[in-house]
1. Out of (1) at pLDDT 95 or above; (2) open to solvent by 60 Å² or more (accessible area, probe 1.4 Å), what's the single condition that is false for F365?
2. Regarding R109, is this residue outside any loop (DSSP other than H, G, I, E, B) and either closer than 30 Å to Q158 by Cα or at pLDDT 85 or above (or both)?
3. Among the candidates G205, G191, which residue alone is in contact (Cβ under 8 Å) with a residue 40 or more places away in the chain, touching a strand residue (DSSP E or B) at 6+ places or on another chain (Cβ under 6 Å), closer than 25 Å to A116 by Cβ and not in a strand (DSSP E or B)?
4. Being among the β-branched types (V, I, T) and part of a loop (DSSP other than H, G, I, E, B) is the filter; apply it to segment 251-304 and report the residue that is most open to solvent (accessible area, probe 1.4 Å).
5. Within the bounds of segment 166-184, is there any residue that is assigned to a loop (DSSP other than H, G, I, E, B), open to solvent by less than 50 Å² (accessible area, probe 1.4 Å), farther than 30 Å from P255 by Cβ and among the hydroxyl-bearing types (S, T, Y)?
6. For the list (1) at pLDDT 95 or above; (2) in a strand (DSSP E or B); (3) in the same structural domain as G148 (by TED's automatic domain parsing); (4) not aliphatic (A, V, I, L, M), I need the number of the one condition that R213 fails.
7. Pairs under 6 Å by beta carbon, first residue in the same structural domain as Q243 (by TED's automatic domain parsing) in segment 130-152, partner within 16 Å of ligand 2 (Cβ to nearest atom) and part of a loop (DSSP other than H, G, I, E, B), six or more apart or different chains?
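The values are calculated or read from the model by the stated rules, or taken from the named source; none is laboratory data. Note that the structure is a prediction, hence the values are computed from the model and not measured. Quick reminder, even Gly has a Cβ in these numbers, built from the backbone with ideal geometry, and neighbours come from all protein chains shown. The area values use the complete protein model at the heavy-atom level, side chains included, leaving out ligands, DNA and RNA. Shrake-Rupley method; radii C 1.70, N 1.55, O 1.52, S 1.80 Å.
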Amino acid sequence: MAKDYYGILGVPRDATADDIKRAYRKLARQYHPDVNPDPDAQEKFKDINAAYEVLSDDQKRQIVDLGGDPLAPGGGGMGPGGAGGPFVGFQDIMDAFFGGTTARGPRPRVRPGADAIIRLDLELQETAFGVEAPLTVDTAVLCSTCSGAGTAPGTHPQTCDICHGKGEVQSVQRTFLGQVVSARPCSACQGYGTTIPHPCATCGGEGRVRTRRTLTVKIPAGVEDGMRIRLAQQGEVGPGGGQPGDLYVEIHERPHDVFARKGNDLHCKVTVPMTAAALGTRLTIKTLDTEEQVDVKAGTQPGATIRIKGRGVPHLRGTARGDLFVHLDVRTPTKLDADQERMLREFAKTRGEEMAELAKQGGFFNSLRNAFNGH
Ligand SMILES: [Zn+2]
Ligand SMILES: [Zn+2]
């Protein structure tokens, strides 16, 4: 009668290879004679190993599924209770206790490169309307001598003698669990599994060299201070000539002499004489890209603002533009000659605004009283 290998591991007949491995690891941890003193544990552990040996092997599992027993004498496999008992790889037992160590393997020589960032100072004119700017960047680039391989021309990497290409070396220690294998990166090949006996003279085996190059970046209209533009794969080439990272160009907008920018709007200040503010006038305003005639209405107050639509910064997306706000600074004359002063006093008298005269006579409160009394 064939043994119920599925029953021993407690898995259904349609269990996947992963299910079987998981069940085996769990039971092996439970019944390993080194950790389970129960005298029956040893027998149980043997059964578990036998079941795993059978079910983890496609051919043997097929025999089981056809009603046979691959471990029975004449069943097509090696018999149980032989010299070594059922054969389960040492690694499988170690994996049961220490998790998978087999998946590591050598680390690749070729690895992706890092991103790089560069600052680009631009004038307002350039951020507003876009520009093609030359950029000088220092990054690692592909070594042209070895094309990234790191080997001198005509030579090749060799499999590491110490780890035989595994990239790690195992050492065996005795512990309460029996022998424990620990793996560490091979120091002879730094874990690569290969060595480069004749490194490329240009890059020293790195597959990349650091160099300064100039490239042109197209800055779109409407970018703002602090924005970053990504240039795909213009960053650092990786070790072994690995795929380059991206290059980020960070925009810095220099302050402008005339215009202050807030988002897509611009602000500027224009000084108008008191008389122009009072009488009204027409001003010519130099915008970022045009000249505009604007009317200052008669009776304009200090701090008044004139909005010129569509003369701000173009939107980064779309065709709209921000506005230009002209802040009017009404300037009072500071130096009057005798004639001007006489005329201004005359003007004040006609408006009943002889405050200066009144203040001179009676001080501030007096002038207020007189103003209220209508004098
Ligand atoms: Zn090279
Ligand atoms: Zn090695």
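1. (1)
2. In short, no.
3. Working: G191 fails: closer than 25 Å to A116 by Cβ.
The conditions single out G205.
4. Step one: list which residues in segment 251-304 are among the β-branched types (V, I, T), which gives 251, 258, 270-272, 275, 281, 284-285, 287, 290, 294, 296, 300.
From the residues that got through so far, the ones that are part of a loop (DSSP other than H, G, I, E, B) too are 258, 287, 290, 300.
Values: V258: 83, T287: 12, T290: 42, T300: 26 Å².
The extreme case among them is V258.
5. Narrowing segment 166-184 to residues assigned to a loop (DSSP other than H, G, I, E, B): 166-167, 176-177.
Going one step further and asking which of them are open to solvent by less than 50 Å² (accessible area, probe 1.4 Å), we end up with 167, 177.
Narrowing further to those that are farther than 30 Å from P255 by Cβ: 167, 177.
Cutting the leftovers down to among the hydroxyl-bearing types (S, T, Y) gives us none.
So far as segment 166-184 goes, no, none of its residues is assigned to a loop (DSSP other than H, G, I, E, B), open to solvent by less than 50 Å² (accessible area, probe 1.4 Å), farther than 30 Å from P255 by Cβ and among the hydroxyl-bearing types (S, T, Y).
6. All conditions pass for R213, except number (1).
7. Correct list of pairs: G150/I196; G150/G205; T151/I196.
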